[in-house]
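Working notes, structure below.
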Amino acid sequence: MRAEDAPMIRLEDYRPSDWLIDTVDLDIVLDANRTRVRALLQLRPNPQGRAGAPLVLDGDELTLGSIALDDVPLDAALYSATPQSLTLPSPPERAFSLRIETELNPAANTKLMGLYRSSGVYCTQCEADGFRRITYFLDRPDVMSVYTVRLEAQKAEAPVLLANGNLVAAAELPGGERHFAVWHDPHPKPAYLFAIVGGRLDHVRQPYVTADGRKVELAVYVEPGKAGRAGWALDSLVRCMRWDERVFGRNYDLDVFNVVAVSDFNMGAMENKGLNIFNDKYVLADPPTASDGDYISIEAIIAHEYFHNWTGNRITCRDWFQLCLKEGLTVFRDQEFSSDERSRPVKRIADVRTLRSTQFSEDAGPLAHPVRPRAYKEINNFYTPTVYEKGAEVIRMLKVLIGDDAFARGMDLYFERCDGTAATIEEFLDCFIETSGQDLGHFARWYEQAGTPTVVASGRYDAATQSFTLDLAQSTPPTPGQSEKAPVVIPVALGLVGKAGDLPLDSLSPALKAGGVVVLDEPSLSVTFTGLTEAPAPSLLRGFSAPVRLELDLGDAELLRLFSADSDSFNRWQAFQTVATRALVRAGAGSDLSQLDDKASELAQALKGFLAGPATADPAFAAQVLRLPGPADIAREIGRNVDPDAVFAAHRKLSRGIGIALSRPLAELHSSLREAGPYSPAAGPAGRRALRNEALGLLALATPEEASKLAQAQFAEADNLTDRLAALAAMTLIPGEAREALIARFSELYAGEPLVLDKWLMAQALIPEAGTLDRVKALMASPTFSLGNPNRVRALIGGLAANLTQFNRADGAGYGFIAGIVIELDRSNPQVASRLLSSFKTWRMLEDGRREKARSALAMVAATPGLSRDVADIAARSLA
Ligand code: B3K
Ligand code: ZN
C-alpha cells in the first residue's frame with residue numbers, strides 16, 4: 001500500500017478488541033544483527049468483543065520464524081503471516097496459548113522504533129506502535145498484559161540487562177561468557193510501555209522509601225564514564241517522587257525505578273513502566289556541559305516521565321484518540337511541580353511563551369486539530385503541542401472553574417476509580433462532574449474544537465453611577481474540517497487596578513466567582529462592577545487563565561500603568577509585551593519603521609523605572625520582561641501576508657532602540673550581576689544569570705563594539721555553560737572576525753561533547769544573515785554532524801527551520817533545502833523527518849511570493865515516491 005492510501009482511523013469506529021492477552025512471556029537473546037525473540041502469549045476471547053472473530057495480530061517489518069498453538073506447531077493452512085500481520089482466521093473459541101518466534105536486526109533499525117542499538121546499547125521505543133516491530137501482538141493500548149521477560153546476552157557486550165518491573169533472577173550461563181536476567185512486571189500494561197535495555201552502562205543509585213513504606217532502589221544508567229553527570233537527574237527524581245506523594249497522594253509501586261540515558265532517541269524520553277528511557281540530553285548535566293536551561297528541562301522531564309506512572313501507566317488510554325488524557329494531564333502535573341520547585345510566575349510566563357509559539361501557530365495553520373483528534377492516519381504525528389500543551393491548559397482551566405478543592409477530590413476519584421484501566425476523557429471528566437456538581441458538558445467542547453479563540457474586551461467607566469462595565473465577546477476561527485465554531489467556556493480571571501493598586505472585587509458584581517473569575521461561555525457577556533470611585537484599568541486573564549488571544553481596548557499608557565501596578569505578575573509581564581507587540585505588528589505589517597523610535601523611548605522609560613525599582617529583587621522575572629516578543633511571535637500575530645524580513649527589521653530596530661536608551665543601566669546590570677562563588681543551578685543564581693545575559697543580548701545590538709568585548713571576556717572567564725552560551729549568542733549578533741574566532745574557539749573547547757556542540761550548531765543555524773544556509777551546509781559536512789542522530793538533526797537542521805528569515809528566504813532556498821533533507825531523512829527515520837517537515841506549518845500566513853515557494857517545496861515532498869506514512873501525512877495535510 002502506498003503511504004498516501006493509508007486508511008483513516010476514526011474515533012467513532014472504536015470497538016473493543018475481540019481478543020485479550022493476559023500474560024506475555026518473552027525470551028530475548030540479544031545480538032546486533034540476529035536477535036531472537038520467543039513470545040508466549042496467553043489469549044482469551046474478550047467478553048466485550050465479537051464471538052468467533054478471527055485473530056489478527058499486528059506486525060511491522062516482521063518475519064515469522066515459527067508458531068505453535070497450545071504448544072503444537074500450527075498447520076500452515078491455519079494462519080497467514082505477512083510483515084504487517086499474523087492472522088488466524090478461525091482460532092479456537094476459548095483460551096489458548098501462542099508461541100511465536102521472530103528474528104530482528106537491531107543494528108539495522110534506523111527508525112529508532114522497536115528494538116535498536118544506540119552507541120552499542122540495545123534499547124527499545126514502543127509508543128505508539130513499536131512493539132509490533134518486536135513480535136506479532138495486539139498492539140493497542142486497551143489490551144493490557146502481565147509481562148515476564150528473560151534477556152540473554154554476551155556479558156562483555158551487555159553486562160547490564162534491564163526490563164520493566166522487578167528483577168526475579170539473574171545468572172551466568174555455563175562457560176561464563178553469556179548471562180541472563182529475568183524481569184517480572186506485576187502491573188498489567190499495554191505493549192507501548194514495554195521496554196528492555198542491554199549494554200555497557202555505568203549508574204548512580206539511591207535507596208528511597210515511599211510515603212506508604214515501600215523500599216525502592218532508584219538508579220540512573222548512563223554511558224560509561226558519564227556517571228558524574230547523572231546526579232542531577234537522580235536528585236530530581238527523588239524530589240518529584242516526594243512531591244507526587246504530597247500533592248497528589250501518589251506512591252511508587254515497584255521495587256526498582258530505573259532511568260536509562262541513550263544518545264539516539266526520537267524524542268525527549270519515554271515512560272516505560274519502571275524503566276524510563278531518556279534522550280541523554282535530558283539526563284546528563286554538570287556545570288561545564290549543561291546550561292541552566294538544561295538543568296530546568298532535566299528536572300521537568302524526569303518529573304513528567306515519573307508522573308506518567310500514574311497518569312498514563314496505572315491509568316492508560318483506551319485508544320490513541322485519548323492521548324491527551326495522559327499527556328495533557330501529565331504536562332499539567334510537571335508544570336505544577338516545576339512551579340513549586342522554582343518561581344511560579346516565571347514558570348507560567350515560560351510555559352505561555354511556549355504555548356503561543358508552538359501551539360497557537362499550529363492551531364492557526366493547516367495542521368490544526370482538536371485536543372482530542374477525531375481521525376488520524378499516523379498517530380505518531382499527533383504528539384503535538386495541541387495534545388500536550390493545550391491539553392494541559394484545559395486541565396488548568398478545569399481547576400480554575402471548579403475550584404481547587406473539587407479538582408483535588410476529582411483527581412482522587414479518578415485515581416481510585418480508573419486505576420488499572422484504559423480510560424477515556426469522558427470517564428475522566430465524570431469524576432469532576434461528581435465532585436463539583438457542575439455540568440461539564442459545555443466545557444468538554446475544548447477537547448473537540450480546534451483553533452485558538454479570540455476574546456475581545458472593552459470597558460466603560462461611568463463616573464455618575466460609579467460603575468465599570470466590561471464587555472467580553474468570543475469567537476473561534478475556522479480550522480481544517482471545522483468551519484462552524486461554537487462558543488467555549490472561558491474562565492477569565494480578572495482584577496481591576498486603580499491608582500493605588502488592586503481594587504477590592506468581592507461585592508462588586510454578582511457575575512464574579514471565587515478568585516475573581518468571570519465565566520464567558522456565551523458569544524458575549526457584559527459584567528458591571530459598582531461602587532468604584534475611580535476609573536479602573538481591567539487586568540484580564542490573570543495568570544493566563546485560558547488559552548485564548550486577547551484583544552483589549554486599553555491604550556499603551558494604561559497598559560504601562562498595569563505593568564508597574566498590577567498585583568498579578570503574569571499580567572505585569574503581559575502588559576509590557578502587549579505594548580511592544582502592538583508596535584512591532586504595526587511596523588512589521590507596514591513598512592514604516594519610523595514610529596518605532598518613539599515607542600523605543602517610551603518602553604525604555606518604563607523599563608528604566610522597572611529596573612531601578614524593586615523589580616531586580618526577582619531577576620528571573622526581570623529577565624522575562626527584558627526579553628521582547630521574538631520575530632516569529634510578531635509574524636504569528638500579523639497572521640497574513642507576512643514579510644519575515646520586514647518583521648525582523650522592525651524587531652531589530654525596536655530592540656536596538658531600547659538597548660541604546662538603556663545602555664548605561666544594562667551595562668551596570670551586566671557588571672553587578674556577575675556571580676561570585678562556584679556554579680549552582682538553583683533558581684536564585686540562574687535568575688541572576690538570565691537577567692545579566694538578557695542585558696548582554698540587548699547591548700550586542702545597541703553598542704556592538706563594547707558588547708563584543710564584554711562577551712569575549714565573559715566567555716573567557718565563565719565557569720559554566722550558561723554564560724558561555726550567552727556570550728556565543730551575543731557574538732552571533734555581531735558579524736565579524738571576532739565572532740568567527742569565538743565560534744572556532746567554542747568547538748575546540750567542547751570537542752568530544754556532542755550535546756554541547758548541538759548548542760553550538762544551533763546557535764549558528766539561528767544567525768539571521770544571508771550566509772547562514774551555506775554555513776549550515778558546511779557544518780553538515782563536518783564530523784560533528786550526523787543525519788543518523790536525531791539530536792544533531794534537530795540542532796542544526798531544526799535550528800535553520802526555526803530561523804524566521806533564513807528558512808523563509810525570499811528566493812525559496814530555505815524551503816528547498818529543508819524539503820530535500822526531509823526526503824533524504826525519511827528513508828532512514830520517518831518520525832524525525834515528519835517532525836522536521838512540520839516546520840512548514842505556518843506557510844499559509846506568508847506573502848504571496850514566499851507562500852508559492854513554500855507550497856512548491858511541500859508539493860515536491862508530497863510527490864516523492866516511496867514516502868513513509870509519517871511524512872506523506874504531514875505533507876498532504878499541510879497542502880490541503
Ligand atoms: N509518551 C512519550 C512520547 C511518545 C512519542 C511517540 N511518538 C513521552 C512523553 O510524553 O512522556
Ligand atoms: Zn508524556
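Setting aside same-chain residues fewer than 8 positions from Lys853, which aspartates and glutamates have a Cα under 13 Å from its Cα?
Answer for Lys853, where 13 Å is the Cα cut-off: Asp811, listed by chain and number.
Roughly how much of Trp573 is accessible, in Å² to the nearest 10, using a 1.4 Å probe?
Estimated to the nearest 10 Å², Trp573 gives 0 Å².
Leaving ligands, DNA and RNA out of it, report the carbon-plus-sulfur percent of the accessible area of the stretch 198-269 at a 1.4 Å probe.
Roughly 49 percent, rounded to a whole number.
Could you give the distance between the Cα centres of the stretch 685-723 and the stretch 75-105, to the whole Å?
Spelled out, the Cα-based centre of one part sits 63 Å from the other.
Sorted by accessible area (1.4 Å probe), largest first, how do Glu748, Glu393 line up?
Numbers: Glu748 120, Glu393 5 Å².
My answer, sorted largest first, is Glu748, Glu393.
Can you work out the Karplus-derived ³J(HN,Hα) for every residue in the stretch 600-615? Use 6.51 cos²θ - 1.76 cosθ + 1.60 with θ = phi - 60°, whole Hz, and x for glycine or proline.
Each residue of the stretch 600-615 in turn: 4, 6, 4, 5, 4, 4, 4, 5, 4, x, 4, 6, 7, x, x, 3 Hz.
Sum up the charges of everything whose Cβ sits under 12 Å from the Cβ of Gly410, counting Lys and Arg as +1 and Asp and Glu as -1, but leave Gly410 out. Let's see the in-between values first.
On the way: positive: Lys399, Arg409, Arg417; negative: Asp404, Asp405, Asp412, Glu416, Glu427, Asp430, Glu434.
Once all neighbours under 12 Å are counted, the net charge is -4.
If you take the square roots of the eigenvalues of the alpha-carbon gyration tensor of the stretch 411-458 and sort them as a ≥ b ≥ c, do you get rounded (a/c under 1.5), prolate (a/b over b/c) or oblate? Walk me through the intermediate numbers first.
Working: a/c = 3.35, a/b = 1.99, b/c = 1.68.
Judged from the Cα gyration tensor, the stretch 411-458 comes out prolate (a/c at least 1.5, a/b above b/c).
List the lysines whose alpha-carbon lies under 28 Å from that of Lys499, not counting same-chain residues fewer than 8 positions away?
Lys513, Lys599, Lys608
List, in order, the whole-Hz ³J(HN,Hα) value for each residue of the stretch 758-771 obtained from phi through the Karplus relation with A = 6.51, B = -1.76, C = 1.60 and θ = phi - 60°; use x for Gly and Pro.
4, 5, 5, 4, 5, 4, 6, 5, 8, 5, x, 9, 4, x
Please give the net charge around Pro790, taking every other residue with its beta carbon less than 13 angstrom from that of Pro790, where Lys and Arg add +1 and Asp and Glu add -1.
Taking every other residue near Pro790 into account, the sum is +2.
With unit charges on the beta carbon (Lys/Arg positive, Asp/Glu negative), name the residue among Ala606, Met8, Val832 whose Cα is farthest towards the positive pole of the charge dipole of the chain.
Ala606
Can you tell me the equivalent ellipsoid semi-axes for the chain? Use √(5λ) from the Cα gyration tensor, largest first, whole Å.
They are 46, 33, 27 Å, listed from largest to smallest.
Grab the other residues whose beta carbon is less than 9 angstrom from that of Gly59, score K and R as +1, D and E as -1, and report the net.
Working: positive: Arg132, Arg133; negative: Asp58, Asp60, Glu61, Asp139.
After counting each charged neighbour, the total is -2.
Quote the accessible area belonging to Arg460 in square angstrom, nearest 10, computed with a 1.4 Å probe and with ligands, DNA and RNA left uncounted.
Surface accessible to solvent at Arg460 totals approximately 130 Å².
Please list 280-287, 783-790 highest first by mean number of surrounding beta-carbon atoms within 10 Å per residue.
Values: 280-287: 22.9, 783-790: 16.8.
Per-residue mean Cβ counts within 10 Å order the peptides as 280-287, 783-790.
Any idea which of Thr354, Trp760, Trp19 is furthest toward the positive side of the dipole for the chain, if Lys and Arg beta-carbons carry +1 and Asp and Glu beta-carbons -1?
My answer, from the dipole projection, is Trp760.
Kindly flag which residue pairs out of Lys226/Lys281; Lys189/Lys326; Lys215/Lys326; Lys155/Lys273 have an alpha-carbon separation exceeding 21 Å in this structure.
Numbers: Lys226/Lys281 12 Å; Lys189/Lys326 14 Å; Lys215/Lys326 27 Å; Lys155/Lys273 25 Å.
Long pairs (Cα-Cα over 21 Å): Lys215/Lys326; Lys155/Lys273.
Leaving out ligands, DNA and RNA but keeping every protein chain, what accessible area does Thr479 have, in Å² rounded to the nearest 10, with a 1.4 Å probe?
Number for this one is 20 Å².
With +1 on the Cβ of every Lys and Arg and -1 on the Cβ of every Asp and Glu, and nothing else charged, how large is the dipole of the stretch 174-321 about its Cα centre, in debye rounded to the nearest 20? Don't skip to the end; give the middle numbers.
On the way: 16 positive and 20 negative charges, 68 e Å.
For this selection, approximately 320 debye.
Of His308, His179, which has the most accessible area and how do the rest follow, probe 1.4 Å?
Values: His308 0, His179 25 Å².
The most accessible residue leads, giving His179, His308.
Largest first, what is the accessible-area ranking of Phe817, Phe265 with a 1.4 Å probe? Intermediate values should be presented prior to the final figure.
Working: Phe817 30, Phe265 0 Å².
Per-residue accessible area, sorted high to low, gives Phe817, Phe265.
Which whole-number value in Å² is the accessible area per residue of the chain, probe 1.4 Å?
Details: 32610 Å² over 880 residues.
I get 37 Å² per residue for this part.
Report relative contact order for the stretch 628-770 in percent, whole number only (criteria: Cα-Cα under 8 Å, sequence separation at least 6).
On the way: 123 pairs, mean separation 24.4, N = 143.
It comes to 17 percent, rounded to a whole number.
At 0.36 nm per residue, minus the direct Cα-Cα distance, what do Glu93 and Leu413 gain on full extension? Give it in nm, one decimal, please. Walk me through the numbers before you get to the answer.
Numbers: separation 320, 0.36 × 320 = 115.20 nm, distance 3.70 nm.
Stretched fully, the Glu93-Leu413 segment lengthens by 111.5 nm.
Highest first, please rank the peptides 347-358, 602-613 by the mean number of other Cβ atoms sitting within 10 Å of their residues.
347-358, 602-613
If you place +1 on the Cβ of every Lys and Arg, -1 on the Cβ of every Asp and Glu, and leave all else neutral, what size is the dipole of the chain about its Cα centre, to the nearest 20 Debye? Numbers along the way, then the final one.
Details: 93 positive and 113 negative charges, 237 e Å.
Around 1140 debye, computed over the chain.
The values are calculated or read from the model by the stated rules, or taken from the named source; none is laboratory data. A quick note: this is a predicted structure, and the numbers were derived from the prediction, not measured. No Cβ is skipped: glycine too gets one built from the backbone with ideal geometry, and neighbour counts run over all protein chains shown. Areas reflect the complete protein model, heavy atoms only, side chains present, ligands, DNA and RNA absent. Shrake-Rupley method; radii C 1.70, N 1.55, O 1.52, S 1.80 Å.
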